[in-house]
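Chemist: Below are the structure tokens for one structure; questions will follow.
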Amino acid sequence: MRVLLCLVSWVLLCCCWIAQAEIFTSIGQMTDLLYTEKELVRSLREYIKAEESKLAEVRSWARKLDDLTRISTSDPEGYLAHPVNAYKLMKRLNTEWSQLESLVLQNPSDGFISNMTVHRQYFPDAEDETGAAKALMRLQDTYHLDSEDFSKGRLPGMHSNAMLTVDDCFDMGKTAYNDGDYYHGVLWMQQSLKQLDAGEEAVVSKAAILDYLSYSVYQMGDLPRAIELTRRLVAIEPSHQRAGGNLRYFEKLLLKEQKEERQEEEQTNQPASEEPIQLGTYVRPRDHLPEREIYEALCRGEGVRMTEARRSRLFCHYQDGSRNPRLLLKPMKEEDEWDSPHIVRYLEALSDYEIEKIKEMAKPRLARATVRDPKTGVLTTANYRVSKSAWLEEEDGPVIARVNQRIQDITGLTVDTAELLQVANYGVGGQYEPHFDFSRMSDVEAGGATVFPDFGAVIQPKKGTAVFWYNLFKSGEGDYRTRHAACPVLVGSKWVSNKWIHERGQEFLRPCGLTEVD
């Protein structure tokens, strides 16, 4: 059993998890990749400059030798009759052509390749790329974003020039397809086809897009549209290896359905829709999370609003920790966020200096956040928790000691039995699905709220603030209302710091109640 303090920290604002991603669950570490890429561009320019210099020298040799051979071959015997010409011919063929050979064999790319080799060990791998693609799909679902909005850089809270090409959209769709996620496969293959039909240049062919799209549509149970798309594929590539067989198979299935439903004539007269396949055309398959729709609605700000009568019972005041000497001169600003269960926010809980120092200490230690397997007790990574985290103790620096002391002062609880200070960084799509083992917060440009599906509270991240609540009643029984989740980060980078305060050690600071729910 334990009591939770959710200590809110800060944010590094930028435009920018999911599933299996390692690199892409931490904006803090991804920033290093930007500087790595900048260094590689510098190295690439040096390579180009060296190649251009080499080519210019080879051109100079070619011009000189071209003029020379034109003269020498016009009258070979007359040319060689002069002893100097005879000598220079011997010299050129024995020495100068060898020098030219050495020049041509020089490889200016050696430095660039060496630099690439050094940096490649820090590059994202295929799993990271897949994770980043799945992050976009999760954001698409959570915030009801159309594929075209993504491809054109239109996101809530911002509009940028970060656009997806035909090939980008195709790769997104292929990632979903390979994962058996035909719902998103349809959305992104359709967007790829739409942009290709609009005249955008692409490496991928229209036939390849239609191949994936038609089969994904079939998997979604839309036989008429699958047939229409497959016919388009056969029309542009009659010899396509699978298209002909698929078309015959789809048509046979449709006839069977029509016969079973006794609607052959009615169905035959209804042509397949050629309207673009948009978000909402098909129903997203259900997954492991029972309150998925409630959770995502809260993330979109569509939750139940607290009544005015209840809001009137929420207050803000200065908290001095029962006349704690450290808070007398500068009491903490405390605001009620929710009445029951009681959730409070402390403003200016961390200074900008403390925020930067904690980030500085945590960044080199960030590793994929883990959860404890309820069956085995072993810590493991999980798809429902996507972030990178580090653990800091007082020996790491005086800032940590000050933060721990401040937590103790404002909560009135001892942190002697508490866990270490956890620092987590969420990148694009970073999230933590509903759970009872709590955390989170900070300013982000869009997304990233902490929500409570059981009673509809939405706690927005604010830089430098701390949010605190109890997840145990005074009796030690768990308060199941406090099941909560961290919404996916849509735009921005979310840094949070969490402190879990255990029940042990609080016996005289928070005495037991008379009932289970006191």
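The values are calculated or read from the model by the stated rules, or taken from the named source; none is laboratory data. Keep in mind it's a predicted model, so treat the numbers as computed, not measured. Here the Cβ positions follow ideal geometry from the backbone for every residue, glycine too, while neighbour counts run over all protein chains shown. Heads up: the accessible areas ignore ligands, DNA and RNA and are worked out on the full protein's heavy atoms, side chains in. Shrake-Rupley method; radii C 1.70, N 1.55, O 1.52, S 1.80 Å.
Chemist: If packing is taken as the average number of other Cβ atoms within 10 Å across a peptide's residues, how do 100-111, 141-152 rank, most packed first?
Modeler: Top of the packing list down: 141-152, 100-111.
Chemist: Quick one: which residues, 5 or more positions from A457 or on another chain, have an amide H under 5 Å from its amide H? H modelled 1.01 Å from N in the peptide plane, none for Pro or chain starts.
Modeler: F452
Chemist: Just to confirm a number: summing +1 for Lys and Arg and -1 for Asp and Glu over residues other than Q99 whose beta-carbon lies under 12 angstrom from that of Q99, what do you get?
Modeler: The answer is -1.
Chemist: Roughly how much of H342 is accessible, in Å² to the nearest 10, using a 1.4 Å probe?
Modeler: About 100 Å², rounded to the nearest 10.
Chemist: Here's a follow-up. Any idea of the accessible area per residue across the stretch 118-214, 1.4 Å probe, to the nearest Å²?
Modeler: Details: 4290 Å² over 97 residues.
Roughly 44 Å² per residue, with all protein chains present.
Chemist: Which order do M361, M163, M189 take by accessible area at a 1.4 Å probe, largest first?
Modeler: My answer, sorted largest first, is M163, M361, M189.
Chemist: Measure off 7 Å from each Cα along the Cα-to-Cβ vector at I113 and K49, then give the distance between these two points in nanometres to one decimal.
Modeler: Inter-label distance under the simple model: 2.2 nm.
Chemist: How much of E348 can a 1.4 Å solvent probe reach, expressed as accessible area in Å² and rounded to 10?
Modeler: 110 Å²
Chemist: Please list 122-131, 64-73 highest first by mean number of surrounding beta-carbon atoms within 10 Å per residue.
Modeler: For the peptides 122-131, 64-73, the packing ranking is 122-131, 64-73.
Chemist: Over the heavy atoms of R138, what accessible area does a 1.4 Å probe trace out, to the nearest 10 Å²?
Modeler: Taking all protein chains as shown, R138 has close to 50 Å².
Chemist: Check which residues have an amide H placed less than 5 Å from D479's amide H, if you skip close sequence neighbours.
Modeler: Those qualifying (amide H under 5 Å, at least 5 residues apart or on another chain) are L472, F473.
Chemist: Largest first, please: the extent of the C-alpha atoms of the stretch 124-217 along each principal axis, to the nearest Å.
Modeler: Principal-axis extents of the stretch 124-217 (Cα, largest first): 36, 29, 27 Å.
Chemist: Would you mind telling me the share, in percent, of accessible area of the stretch 168-239 contributed by carbon and sulfur at probe 1.4 angstrom?
Modeler: C and S fraction of accessible area: 45 percent.
Chemist: Let me ask something else about it. Using θ = phi - 60° and the Karplus curve 6.51 cos²θ - 1.76 cosθ + 1.60, what whole-Hz ³J(HN,Hα) does each residue of the stretch 227-238 get, with Gly and Pro shown as x?
Modeler: 5, 4, 5, 5, 5, 4, 5, 5, 5, 8, 8, x
Chemist: Computing the accessible area with a 1.4 Å probe over protein heavy atoms, can you report the carbon and sulfur percentage for the stretch 40-130?
Modeler: Heavy-atom surface of the stretch 40-130 belonging to carbon and sulfur, 1.4 Å probe: 57 percent.
Chemist: Here's another thing I want to ask about it. Please list, or write none, the aspartates and glutamates whose alpha carbon is within less than 12 Å of the alpha carbon of K357, excluding same-chain residues fewer than 8 places away.
Modeler: K357 reaches D396.
Chemist: Which order do E360, E337, E395 take when ranked by solvent-accessible area (1.4 Å probe, heavy atoms of all protein chains), largest first? Mind dumping the intermediate values first?
Modeler: On the way: E360 115, E337 40, E395 145 Å².
Accessible-area ranking of E360, E337, E395, largest first: E395, E360, E337.
Chemist: Of the listed peptides 311-321, 246-256, 460-470, what is their order by residue-averaged count of other C-beta atoms within 10 Å, with the highest listed first?
Modeler: The most tightly packed comes first, giving 460-470, 246-256, 311-321.
Chemist: Give the lysines whose C-alpha is closer than 26 Å to that of K91, dropping any in the same chain fewer than 8 places away, or say none.
Modeler: K54, K64
Chemist: Can you return the lysines within cross-link range of K363? Criterion is Cα-Cα under 17 Å, with same-chain partners fewer than 8 residues away left out.
Modeler: Result set, ordered by chain and number: K388, K494.
Chemist: Moving on. Could you sort W338, W391 by accessible area so the largest value comes first, with the probe set to 1.4 Å?
Modeler: Most to least solvent-accessible, the answer reads W391, W338.
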